[in-house]
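The values are calculated or read from the model by the stated rules, or taken from the named source; none is laboratory data. These numbers come from a predicted model, not from an experiment. Virtual Cβ from ideal backbone geometry, glycine too; neighbours counted across all protein chains shown. Surface areas here come from the heavy atoms of the whole protein model, side chains and all, with no ligands, DNA or RNA. Shrake-Rupley method; radii C 1.70, N 1.55, O 1.52, S 1.80 Å.
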Amino acid sequence: SAAPVVLQLAATGDSGEQLQAHADVTLTPFSVAATLQMDGLPLPPLWQHFLKIPALTLNQGTASWRMPITYSDQAGVSIGPGTLRLHNLELTDTEQQTPLLQSPTVELSQVKLDLRGKRADCASISADHARLSGWLAADGAWNYTRYTSAPSSPNDEPAWRYRIDRIALADSELHLQD
């Protein structure tokens, strides 16, 4: 096998977000081993473009992460394990205009994505000084069920599977209403 080609990238976006990437690319057989680091990425534009959940509005928030990414013809793309930090989050119920989640910092640790297998794993999600709200609607349904029910795929593709091993809240508030 040939020696890998080393690629390095550093960029700054219009909103001050910073991207750094390092990749080792081997041509024969083709494979990529990269590390991607992003700091200060504004989340609302990504939310609006990629996460089509009309019942939820992400008013503000930024993301920072450091993730290894690998690719090979045999295994496909593998992302992680890495850490994702979300800062100054404010997530609102679109219809009620009620804040659902407000938090200065949410950290997802040991995040792994398997794109071919459509699987996402996270060892822990932790938040300090978070405020979460929930309520029962007039029909008795928990408001969060509206956000997680996804319409069936028109071409019957298998759904993504998610696993979160641990959720930890410290110095946080939970507001529930009937």
- Item | In the range 87-99, residue modelled with the lowest pLDDT [restricted to those that are under 16 Å from residue 53 (Cβ atoms) and assigned to a strand (DSSP E or B)] | 98
- Task: Output the residues belonging to the range 34-65 that are open to solvent by 50 Å² or more (accessible area, probe 1.4 Å), among the aliphatic types (A, V, I, L, M) and farther than 26 Å from residue 142 by Cβ.
- Result: 46
- Matching residues in the range 1-33 (open to solvent by 90 Å² or more (accessible area, probe 1.4 Å) and among the small types (Gly, Ala, Ser)) number 1
- Task: Considering only residues that are assigned to a strand (DSSP E or B) and of a type in the set (Ser, Thr, Tyr), look in the range 113-144 and name the one that is most open to solvent (accessible area, probe 1.4 Å).
- Result: 126
- Considering every residue within the range 131-153, establish whether at least one is touching a Pro at 6+ places or on another chain (Cβ under 8 Å) and not basic (Lys, Arg). yes
- Out of (1) of a type in the set (D, E, K, R); (2) modelled with pLDDT under 80; (3) farther than 27 Å from residue 81 by Cα, what's the single condition that is false for residue 157? (3)
